[in-house]
1. At Glu109 and Lys171, where each label point lies 7 Å from the Cα along Cα→Cβ, what is the point-to-point distance in nanometres?
2. Among all the lysines, which ones have a C-alpha under 17 Å from Lys125's C-alpha, if same-chain residues fewer than 8 places away are not counted?
3. Taking H as built 1.01 Å from N, whose amide H comes closer than 5 Å to the amide H of Val198, not counting residues under 5 places away?
Amino acid sequence: MILSGVIVVVYAIFVSAAPVAQNSILVEIEEEYNDVPATVLPSVNGDDEQGSFFEGDMLLTSAQHQAIQHAKLERNGLKGSTKRWPNRTVLYHIVEEDFDDKEIMMIEEAIKDIANKSCLKFRKKEKDEHAVTIQGSANGCFSNVGYSPTTSDDSDEEITQVLNLSKGCFKHGTVVHEMLHTLGFYHMQSTFDRDEYVEIVWENIRSGTEHNFAKYTVDTVTDFGVPYDYGSVMHYPEKAFSKNGNRTIIPLKEGVTIGQRNGLSESDIQKLNRMYCEESETAPVSYME
């Protein structure tokens, strides 16, 4: 991972006091943190979501990373609110020279899909506004988690928040998956109670990538009261980070499929709206999927 001090636990600030299922929002702790460019390593098993970042495709701040480590990651969504996009509006800039016309259309379709199923608005940035830069210049699919306007420690220069989509990322559900990270979601199978729903087969996991299967704590993330969703677009596939082609995640419920990348599930939509669209004193600010 290139980000120095990636922080997964920071997003737990958004978790509500009551136990929540999965699909939570991870919010970063209100501390100073520093986002730095990450070095992209080769993907695993040809899956561009399984790269060298935290859990394969998440760029975390040092504060978030520390928060996750201290909380031992047992849940799915953070409790904080600083990672939610202000005014329910996501500002973005597409680096058009990185994509062809079809790819730009797919990015715009993913944006419309999320906007049409929530109260969120998306607007192209104007000069000097903080926005997510949607680029394709690096290898892999990855994104910052939640609203991440930061500056470096030794200068006033703002570091760009990015959502990277290389050529292998252009499937509707994959683009939506990365955009949900940008909105504050973490991965489904990292939720605190995931062991009630899936079995992690540690002996099949590629050496050095075991950290991608850590759990968040109840104090770190929240699921907004939505039950565990095998069909979430934020769930890992069965052979994620496999070293031998065998399953690393086995659903404990028969007949279910995990790892779909077709688009938002009903639970994803419900969580997204509870996070951004329902006024509540206890509602988390961002998802930790």
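All of the numbers you see were taken from the coordinates with simple rules; none came from a lab. Since the model is a prediction, treat every value here as computed from it, not as a measurement. Quick reminder, even Gly has a Cβ in these numbers, built from the backbone with ideal geometry, and neighbours come from all protein chains shown.
1. The answer from the label model is 1.4 nm.
2. Lys112
3. Leu252
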